[in-house]
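J.: Take a look at this one; I'll ask things after.
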Amino acid sequence: MKTQAQTVSIAVVGSGYVGLVAAACFAEIGHRVICVDNDESKVRMLQAGGVPIHEEHLPELLSRHRGDRLEFTTDLRAATQAAEAIFIAVGTPQSQTGSADLSYVDAVASEIARSIDSYKVIVEKSTVPVYTNEWIRRVIERNGVSKELFDVTSNPEFLREGTAVVDFLHADRIVLGTATERAGNLLKSIYHPLTCGDYYNVPGSVPGPRESNDPPPILLTSTKAAEIIKHASNAFLATKISFINAVANVCEAAGADIEEVARGIGMDSRIGPKFLRAGVGYGGSCFPKDVAAFRNVAEQVGVDFGLLREVEKINDEQKQRFFQKIRSALWTFRAKKIGVLGLAFKGGTDDVRESPALDIVKRLVAEGCIVTAYDPAAADRCKELIPPGPCMRYVDELYAAAQDADALLILNDWEEFAELDLSKLHYTLRYPIVIDGRNLYDPETMTKNGFTYLSVGRPGLSQPIDPVAAFFVPRRRDDTRA
Ligand code: NAD
């Protein structure tokens, strides 16, 4: 029986943001890993040394372990047979009803069932609704596999895109939902290099907030509790964001500064400062779908979780409010040149799924604006959704997005967006109007530097902007355009 640090043979099914990071990190802590995907081009790219997503530390881990402890394949059958533990990390997108679409999980479970030839621990890594564990078990049994040959467990993933590798290797906690000791022991041995602290003493280990004297704790739970922990965690974080956005709207109306208010709230140790950043609303591949799925799960078990409907409503309205703010600064949209900084749903990632920035850009283009956008990592993914054309240009340099623009929008929080050279920016823009959806600048500094500066939840913004005053701010001296 395995409980101590031992090399475990692992298959990770799905090589996306979670699967690929998990696979690379399992190899990093000493296991033999086969990473499976049914997207042949992605697997070919991974085998050839490519890195399909933008994630700090991932390229170095992949090059360290590829071809040694880490392999890539499309062959789920062979990977299943070679593995002691099989982590399912495929997508669980939102269906039309708001529930999680579990068809990818179902397909993978059936294929695993058809390949099982010895005892396997099957691990839900994807975010799934409560009872999914039961369903996977039934699917496998229906395929003729006897109960003794497998266990289904839940090990939800809490990593954040942009800091995924550090989050995985320096986790706040490792939640293991299991019904049997045998499966629990295998999972514990997989995470042992982290939970005993040894990994943090290895030369070249990925640095992060946890050290060998402060390893991540393991929380052993039932499978249902583990499933609910993941959904409830994301729903709570989304609630915190919508809450602070609603408070920002109160601040805006009352003439207070949300940044001061958020600091004051966050200093309460019962609340904490994280996720109290007002902005354009949450997005990404997780929060929108997980809030909807959790609300749906609650409904299925007879609980009206109306709070989550409000969370979603505030989030939708936040994007709408920001759009109105842009309108209030520009008066009309047709043929206006808008510079955009940020396309991904947040800084540090290339993920544009459910990005509020994309939503805003699409609306601007639909209203007849000419958008020039810059994002350090997400432009290529964005081009698949909003192809380049006369009204949508992508540039490779930050100030090129601002060149001759009637206004500049800041839509996500890459570090470089908070470090703009203000005099260069002022010179580059046609009109020095900056509309900041992430509150990266101090309004006073921006005003002193000659900008009309609008942000979220800060003084003066409750008043409709005087469109004439906002638009007829001094132009660059050499501007010869009509
Ligand atoms: P993703 O879309 O980036 O990756 C999913 C991968 O699974 C894709 O590469 C796809 O080709 C592959 N796949 C689909 N069906 C397959 C099959 N039958 N066989 C093999 N491969 C298959 O998704 P993601 O962002 O990595 O999310 C995966 C799961 O993890 C979701 O449930 C998500 O909610 C959860 N999660 C995501 C994050 C995050 O930040 N992205 C964080 C925690 C949890």
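The values are calculated or read from the model by the stated rules, or taken from the named source; none is laboratory data. What you see is a predicted model; the values in this text were computed from it and never measured. Positions of Cβ are generated from backbone atoms using ideal geometry, with glycine treated the same way; all protein chains shown enter the neighbour counts. In case anyone asks, the SASA skips ligands and DNA or RNA and just uses the protein heavy atoms, side chains included. Shrake-Rupley method; radii C 1.70, N 1.55, O 1.52, S 1.80 Å.
J.: Quick check: residue separation of T74 and Q403 times 0.36 nm, minus the Cα distance between them. What number comes out in nm?
T.: Details: separation 329, 0.36 × 329 = 118.44 nm, distance 4.55 nm.
Residue separation times 0.36 nm, minus the Cα-Cα distance, leaves 113.9 nm.
J.: Please state the shape class of segment 1-132: rounded when a/c is under 1.5, otherwise prolate if a/b exceeds b/c and oblate if not, all from the C-alpha gyration tensor. Before the final figure, lay out each step's value.
T.: Numbers: a/c = 1.61, a/b = 1.18, b/c = 1.37.
Judged from the Cα gyration tensor, segment 1-132 comes out oblate (a/c at least 1.5, b/c at or above a/b).
J.: What are the ³J(HN,Hα) values, in whole Hz, obtained from phi via the Karplus relation 6.51 cos²θ - 1.76 cosθ + 1.60 with θ = phi - 60°, for each residue of segment 383-395 in sequence order, with x given for Gly and Pro?
T.: Per-residue couplings from phi come out as 4, 5, 9, 10, x, x, x, x, 9, 9, 10, 10, 10 Hz.
J.: Please report Rg over Rh for the chain, where both radii come from the alpha carbon positions and Rh follows the Kirkwood definition. Don't skip to the answer; put the middle values down first.
T.: Working: Rg = 24.4 Å, Rh = 24.1 Å.
Ratio of gyration radius to Kirkwood radius for the chain: 1.01.
J.: Let me ask something else. Amide H neighbours of T221 under 5 Å, counting only residues 5+ apart in sequence or on other chains, H built in-plane at 1.01 Å?
T.: Those qualifying (amide H under 5 Å, at least 5 residues apart or on another chain) are L176, G177, T178.
J.: I would also like to ask the following. Please work out the Cα center distance from segment 144-204 to segment 14-29, rounded to the nearest Å.
T.: 12
J.: Starting from the Cα of D172, move 7 Å in the Cα-to-Cβ direction to define the label point; list residues of segment 214-231 whose amide nitrogen is under 15 Å from there.
T.: 216-219, 229-231
J.: While we're on this one: Please check the chain for the longest run free of trypsin sites (Lys or Arg not before Pro) that are loop-located per DSSP (anything but H, G, I, E, B) and have at most 14 other Cβ atoms within 10 Å. Mind showing how you got there, number by number?
T.: Working: sites that count: R173, R270, K274, R334, R475, R477, R481.
Here the longest run is 1-172.
J.: Given a 1.4 Å probe and every protein chain left where it sits, what share in percent of the accessible area of the chain is carbon and sulfur?
T.: On the way: 10910 of 20960 Å².
Summing carbon and sulfur atoms, their accessible area is 52 percent of the total for the chain.
J.: For n ≥ 4 DSSP H runs only, could you compute -39500 (n - 2.57) per run for the chain, divide by its residues and tell me the 222 nm figure to the nearest 500?
T.: -12500 deg cm²/dmol, from helical runs alone.
J.: How much accessible surface does T372 have with a 1.4 Å probe, in Å² rounded to 10?
T.: T372 has an accessible surface of roughly 10 Å² with all protein chains in place.
J.: Along its principal axes, what span do the Cα atoms of segment 222-482 show, with the longest given first and each in whole Å?
T.: Result, largest extent first: 68, 41, 29 Å.
J.: Sorting C382, C196 by accessible area (1.4 Å probe), largest first, what list results? Working shown, then result.
T.: Numbers: C382 0, C196 45 Å².
The residues order as C196, C382, largest area first.
J.: Quick one: of the DSSP bridges fully inside the chain, what percent are antiparallel, nearest 5? Provide the component values of the computation, followed by the final result.
T.: Details: 3 of 48 bridges.
Of all bridge pairs located within the chain, approximately 5 percent are antiparallel.
J.: Continuing with this model, one more query. Let's see if you can work this out: charge +1 on each Lys and Arg Cβ, -1 on each Asp and Glu Cβ, no other charges. What is the dipole magnitude of segment 320-452 about its Cα centre, in debye to the nearest 20?
T.: Working: 17 positive and 20 negative charges, 151 e Å.
Computed charge dipole of segment 320-452: roughly 720 debye.
J.: Something else now. Can you give the relative contact order of segment 191-334 as a percent, counting alpha carbon pairs under 8 Å and 6+ residues apart?
T.: Values: 118 pairs, mean separation 30.2, N = 144.
After rounding, I find 21 percent.
J.: Full extension from W331 to L149: what is 0.36 nm times the residue separation minus their Cα-Cα distance, to one decimal in nm? List each step's numbers first, then the result.
T.: Numbers: separation 182, 0.36 × 182 = 65.52 nm, distance 6.69 nm.
Full-extension gain reported as 58.8 nm.
J.: Same structure again: Taking the Cα centre of segment 222-482 as origin and charging only Cβ (+1 Lys, Arg; -1 Asp, Glu), how large is the dipole, in debye to the nearest 20?
T.: Numbers: 34 positive and 36 negative charges, 97 e Å.
The calculation lands at about 460 debye.
J.: Exactly which GluC sites (Glu not before Pro) in segment 147-241 are in a DSSP loop and have at most 12 other Cβ atoms within 10 Å? Write out the running numbers ahead of the final one.
T.: Working: sites: E148, E157, E161, E181, E211, E227; in loops: E157, E161, E211.
In loop regions of segment 147-241 (DSSP not H, G, I, E or B), the sparsely surrounded GluC sites (Glu not before Pro) are E211.
J.: So, one more: Ordering H170, H192 from largest to smallest accessible area (1.4 angstrom probe), what's the sequence? List each step's numbers first, then the result.
T.: On the way: H170 10, H192 35 Å².
Largest accessible area first, the list is H192, H170.
J.: Within segment 287-344, report the chymotrypsin sites (Phe, Trp or Tyr not before Pro) that DSSP leaves as loop and that have at most 13 other Cβ atoms within 10 Å. All intermediate terms of the calculation are to be shown ahead of the outcome.
T.: Working: sites: F294, F305, F322, F323, W331, F333; in loops: F305, W331, F333.
Qualifying residues, ordered by number: W331.
J.: Given a Förster distance of 41 angstrom, what is the FRET efficiency for Y427 paired with E384, based on the Cβ-Cβ distance and rounded to 0.05?
T.: Details: r = 34 Å, r/R0 = 0.82.
Between Y427 and E384 the formula returns 0.75.
J.: Please give the charge dipole size of segment 9-221, origin at the Cα centre, charges +1 on K and R Cβ atoms and -1 on D and E Cβ atoms. Round to the nearest 20 debye. Walk me through the numbers on the way to the answer.
T.: On the way: 19 positive and 28 negative charges, 75 e Å.
Rounded to the nearest 20 debye, it is 360 debye.
J.: Test of understanding: what is the full-extension gain from F236 to A107, defined as 0.36 nm times their sequence separation minus their Cα-Cα distance? Show your work: numbers first, answer last.
T.: Numbers: separation 129, 0.36 × 129 = 46.44 nm, distance 3.00 nm.
Result: 43.4 nm gained on full extension.
J.: Using Cα pairs under 8 angstrom and six or more residues apart, how large is the relative contact order of segment 222-482, in percent? Before the final figure, lay out the partial values.
T.: Values: 470 pairs, mean separation 56.6, N = 261.
Rounded, it is 22 percent for segment 222-482.
J.: I've got another one for you. DSSP loop (so not H, G, I, E, B), at most 12 other Cβ within 10 Å: list which chymotrypsin sites (Phe, Trp or Tyr not before Pro) in segment 18-90 pass both filters.
T.: Numbers: sites: F26, F72, F87; in loops: none.
The qualifying sites: there are none.
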